[in-house]
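The values are calculated or read from the model by the stated rules, or taken from the named source; none is laboratory data. Treat the numbers as computed from the prediction; the structure is a model and nothing was measured. Every residue, glycine as well, gets a Cβ built from its backbone with ideal geometry; the counts of neighbours run over all protein chains shown.
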2 protein chains.
Amino acid sequence: MNNSDSKTRCRIVIDAMGGDYAPQNAVVGAIQAFNENGKFDLFLVGKKNEIQKVIAANNLSFNENDIINADEVIEMGDQPTAAIKTKPNSSIVVGAKLVKDKKADAFVSAGNTGAMMAASTLIIGRIPGVGRPTIGQAMPNQSGISTLFDVGASVDSKPKHLLEYALMGTIFTKEIYGIENPKVGILSVGEEDSKGNEVTLAAAELIRKTNLNFVGNVEGRDILKGTVNVVVCDGFVGNILIKFGESVLDFLKFKFRDYANKGFINKLKIALVRSSMREILKDFDYQEYGGVPLLGVNGISVIGHGSSTPKAIKNMVLRAYEMYEKNLVQKIENSIKQYSNLN
Amino acid sequence: MNNSDSKTRCRIVIDAMGGDYAPQNAVVGAIQAFNENGKFDLFLVGKKNEIQKVIAANNLSFNENDIINADEVIEMGDQPTAAIKTKPNSSIVVGAKLVKDKKADAFVSAGNTGAMMAASTLIIGRIPGVGRPTIGQAMPNQSGISTLFDVGASVDSKPKHLLEYALMGTIFTKEIYGIENPKVGILSVGEEDSKGNEVTLAAAELIRKTNLNFVGNVEGRDILKGTVNVVVCDGFVGNILIKFGESVLDFLKFKFRDYANKGFINKLKIALVRSSMREILKDFDYQEYGGVPLLGVNGISVIGHGSSTPKAIKNMVLRAYEMYEKNLVQKIENSIKQYSNLN
């Protein structure tokens, strides 16, 4: 049922200035994706001369006409909504406008997350019927992958918004991870239907009226266990949770170092298993997951970690391509429309 | 400044029927604490003949008069508030009543958490001025211990309640962990004062008006980093977070097993570092932390994990004793009174 034949060729814009190691990592990673995949057009947006320097320094070749100059850069510390107004020639604003104007299908950036969200929501705009766009994050579990929606696009979500996250998260998880009829759960403080806060209790009522594969509440421990495929929560909870999750790895590394420093035998033991540890923990590596999608926007928007490596950028670009191929925006629009009567 | 001389001898009640391995673990652990410490009176509440069997089977000695018979047991699956009404002769209700009637100072149980919370709040009652009692959880961090309030006593907390958690959490963390002037942070989605949801933003305004050592917002990653000593959050967030945290260890164990099963060399490597891993991960061991306190109740209430070992029970009883010695209930009452004008 691949309908790619009927589609125009995918056009992806990468924010060459986005990320702590830009333009180096953004340019190198994006061109790698372009060269490996070959099925989409790539546009690099940013300071043209800097981009060209990176291309030359890395012995890459890239069509000069597909570099779109943008003189300004929204820095990591800039206030997001203010920045997209005061820096109209920034790579993030120029990139988002290309999608808005249908000159591109997808925009990928490892730059200022808030600015990327603001540009996507305010410039590209929301899909009709979507109250709040949502950022999803993939998490490893004992049998594969769970996705968590929302992890930070929105706080104080209303029940209707959690319903939207469930609908959009289901489509993403099905299409991108190939999980048929993904199980959906609402993150709560107990499995019983009576457990939750006001918003989750009302949201569960709404989601129960859909044809989603909804199992009701799940708890914090169910995420890594893999009880469901799609975990739905307010962005306040989701954001705190993923940042806590990331810090667990840092804490373990700290404990290992601390242990190794306690003596020679300890050091030897840790050295022996260093590669094993790396293999065991690689599931937690954000680079593998190809950035996070901002769903509900009327175009494809993929947001990456500021510290994205070329590999992470490459995977983000490939993810954006996949989202285009799978018609995610249209499918989300249809699903939201189907349940527009639920409130 | 130890004022224990002026105090009556501490009287601790243990729910002998509480926990998955009751009465065995509860009775053995409590008597261990009693024998080791010797500075408090201990009462065992539950089915007297079963308690006596455990005492005999473990070659322990215990004054028969300090066993208080309670014929009913609130099971782990019982609906909490209903159970404390329909089972008036249960060990949890009888134990809570002893504290309510000032026949005991502290109640310790590893039984049904919800029932223990309900009995503590409804039978023992709240400290005057406390809107919502709170459960705290200690978490390891890179330099010691952080505490997290609330981790599940209450959802949909209002700003005033977060203020109460900050006040009570500060006293607990100072008195029990000996941290002078503990740093307090509100768990949020960004460090900037402007980041948060409606409740945390309003709560920060309130806490700023106290003399607490308040640093503002902290993020999910700050908990294990140890940026602050007391992390304040709604029980919905805290409960999800600690259950997620517990599951990280299970997930790592799963990954280690999975890795070991992939070949002989792998198995050997894991075997070599098994004891190191155990040492590194022992900070996460709930048994060391002596249960969780329910603060804001007009008496001492310590709640344990259902799977509590004798060692965990022992630490819970010793923690209850410490809370009594440090005058926690009185100190909380004073602090709440001091800020009763903030709303």
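Values computed for the structure shown
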read-out: Residue within the range B:263-274 that is over 21 Å from B:Ser146 (Cα atoms), without any contact (Cβ under 8 Å) to a residue 40 or more places away in the chain, within 13 Å of another protein chain (Cβ to nearest Cβ) and not in a helix (DSSP H, G or I) present; value: yes
read-out: Within the range A:162-262, strands (runs of 3 or more DSSP E) holding 2 or more residues that are among the polar types (S, T, N, Q); value: A:213-218
read-out: Subset of the range B:179-194 (residues that are more than 14 Å from B:Ala166 (Cα to Cα) and within 14 Å of chain A (Cβ to nearest Cβ)); value: B:Ser188, B:Val189, B:Gly190, B:Glu191, B:Glu192, B:Asp193, B:Ser194
read-out: Tabulated pairs, the range B:214-225, first facing chain A (nearest Cβ under 7 Å), second of a type in the set (Val, Ile, Thr) and buried (at least 18 other Cβ atoms within 10 Å of the Cβ), C-beta under 8 angstrom, 6+ apart or interchain; value: B:Glu219/A:Ile240; B:Glu219/B:Val189; B:Gly220/A:Ile240; B:Gly220/A:Ile242; B:Ile223/B:Val231; B:Leu224/A:Val248
read-out: Residue list for the range B:100-114, restricted to those being aliphatic (A, V, I, L, M) and not in a strand (DSSP E or B); value: B:Ala104, B:Ala110
read-out: Lone qualifier among A:Lys174, A:Lys183 - being closer than 25 Å to A:Val302 by Cβ, in contact with a Pro (Cβ under 7 Å, 6 or more places away or on another chain), of a type in the set (Lys, Arg) and at pLDDT 95 or above; value: A:Lys174
read-out: Residue tally, condition touching a residue at least 40 places away in the same chain (Cβ under 8 Å), out of contact with any Cys (no Cβ under 9 Å at 6 or more places or on another chain) and either at positive phi or crowded, with 23+ Cβ neighbours inside 10 Å (or both), over the range A:183-206; value: 3
read-out: Selection count, the range A:195-207, where residues are more than 10 Å from chain B (Cβ to nearest Cβ) and at pLDDT below 95; value: 0
read-out: Residue count for the range B:140-154, restricted to those that are of a type outside the set (S, T, N, Q) and buried (at least 22 other Cβ atoms within 10 Å of the Cβ); value: 6
read-out: Within the range B:125-160, tally of residues that are touching a residue at least 60 places away in the same chain (Cβ under 8 Å), within 14 Å of chain A (Cβ to nearest Cβ) and over 28 Å from A:Val248 (Cβ atoms); value: 1
